[in-house]
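To start, the structure itself, in structure tokens.
The values are calculated or read from the model by the stated rules, or taken from the named source; none is laboratory data. A quick note: this is a predicted structure, and the numbers were derived from the prediction, not measured. Glycine also receives a Cβ, built like all others from the backbone with ideal geometry; neighbour counts cover every protein chain displayed.
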Amino acid sequence: MADAEDTSVGVSAAGSAEFATTHWSVVLAAAQQESPQAAEALETLCRTYWYPLYAYVRRRGHAPEDAQDLIQEFFARFLARNYLAGVDRRRGRFRSYLLGAVNHFLADDWDRRHRLKRRSQACPVPFDAASGEDRYALEPVDERSPDRLFERRWALTLLDLVLGQLQREYQDGGKEQVFAGLSVFLTGEAEGEGYRQAAEALKMTEGAVRVAVHRLRQRYGELFHQAVADTVETPEEIADEMRHLRRVLSS
């Protein structure tokens, strides 16, 4: 996966003019009142980032079935109750707020002992529990703390989201083979001979491949910038959040 450092390329277009409509800023702006737009934005964020929470709960020592029940119950309460009314707007990152909310939920002894089994009811944030457990089984066996695992999975989930968006754009444009041949360059590991090999495989000139790689990286950077913006409150927080995610991925 590409290092977050690369995502700074060509990101001048994602400025404050569009920032007011990003997900977390919409949620915070409507925290004190019912808003369909805010509810939809919050559900989108939760649906995207459920797995880092699942991995966090599992690393806290809960069995797979208990972790599934806990996450399902957490989302049911999180979205049904007015959890946002008391949000400190200085805690601008959705990542930090969500982790704090789930910690508060897990610390509630009554909820742990008496939580309802909701398997027969629709979960407000659909997630594939079996897939989550398969992914968790692939987590490295080390001394990584639950908090550090959450941060790393958050960063990797965001990068997977961006890569998926980029792939769909190329597919929609009829350039699926181009993406498949050039996506390896997003990691920065396929320089040198890689350009010649890609040119031969795609029946392009090496110069055309270099231009296409530049555009691919540029668009990746724009999508990454927007994805990060969706999880913070102000434009000023974007660069700091990107630096934080880069540190998390490199640790």
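Answer yes or no as to whether GLU241 is touching a residue at least 12 places away in the same chain (Cβ under 8 Å) and either surrounded by 13 or more Cβ atoms within 10 Å (Cβ to Cβ) or in a helix (DSSP H, G or I) (or both). Taking the combined requirement at face value, the residue satisfies it. Scanning the stretch 229-238 for residues that are touching a Leu at 6+ places or on another chain (Cβ under 9 Å) and surrounded by fewer than 18 Cβ atoms within 10 Å (Cβ to Cβ) returns no hits. Residues that are under 29 Å from GLN226 (Cβ atoms), in a helix (DSSP H, G or I) and at pLDDT 85 or above do not occur anywhere in the stretch 123-136.
Residues in the stretch 181-206 that are of a type in the set (A, V, I, L, M, F, W, C) and not in a helix (DSSP H, G or I) were compared, and the one that is modelled with the lowest pLDDT is ALA190.
Of the residues screened, LYS203 is one that is out of contact with any Phe, Trp or Tyr (no Cβ under 8 Å at 6 or more places or on another chain), surrounded by fewer than 13 Cβ atoms within 10 Å (Cβ to Cβ) and over 30 Å from GLU43 (Cβ atoms). Return yes or no: is GLY92 modelled with pLDDT under 85 and buried (at least 17 other Cβ atoms within 10 Å of the Cβ)? So GLY92 passes the test.
For the stretch 219-235, state whether one or more residues are out of contact with any helix residue (DSSP H, G or I) (no Cβ under 9 Å at 6 or more places or on another chain), under 22 Å from GLN165 (Cα atoms) and not basic (Lys, Arg). Within the stretch 219-235, none of the residues are out of contact with any helix residue (DSSP H, G or I) (no Cβ under 9 Å at 6 or more places or on another chain), under 22 Å from GLN165 (Cα atoms) and not basic (Lys, Arg). The numbered conditions (1) surrounded by fewer than 19 Cβ atoms within 10 Å (Cβ to Cβ); (2) assigned to a helix (DSSP H, G or I); (3) within 30 Å of the chain's Cα centre (by Cα) are all true for GLY174 except (2). Right, LEU106: hydrophobic (A, V, I, L, M, F, W, C), more than 19 Å from the chain's Cα centre (by Cα) and modelled with pLDDT of 85 or more or not? Judged against the criteria, LEU106 is a match.
The requirement of being surrounded by 14 or more Cβ atoms within 10 Å (Cβ to Cβ), assigned to a loop (DSSP other than H, G, I, E, B) and either out of contact with any Pro (no Cβ under 7 Å at 6 or more places or on another chain) or modelled with pLDDT under 95 (or both) is fulfilled nowhere in the stretch 207-228; no residue meets it.
Only one of ARG196, ARG148 is among the basic types (Lys, Arg), surrounded by fewer than 16 Cβ atoms within 10 Å (Cβ to Cβ) and more than 29 Å from GLU43 (Cα to Cα); which? ARG196 is the lone residue from the list that is among the basic types (Lys, Arg), surrounded by fewer than 16 Cβ atoms within 10 Å (Cβ to Cβ) and more than 29 Å from GLU43 (Cα to Cα). Tell me yes or no: at least one residue of the stretch 148-165 is at pLDDT below 95, over 25 Å from LEU53 (Cβ atoms), outside any loop (DSSP other than H, G, I, E, B) and of a type in the set (Ser, Thr, Tyr). No: the stretch 148-165 contains no residue that is at pLDDT below 95, over 25 Å from LEU53 (Cβ atoms), outside any loop (DSSP other than H, G, I, E, B) and of a type in the set (Ser, Thr, Tyr). Pairs are defined by a Cβ separation below 7 Å, a sequence spacing of at least 6 or placement on different chains, a first member in the stretch 155-184 that is on the phi < 0 side of the Ramachandran plot, and a second member that is of a type in the set (Asp, Glu) and surrounded by 13 or more Cβ atoms within 10 Å (Cβ to Cβ); the pairs so defined are TYR170/GLU176.
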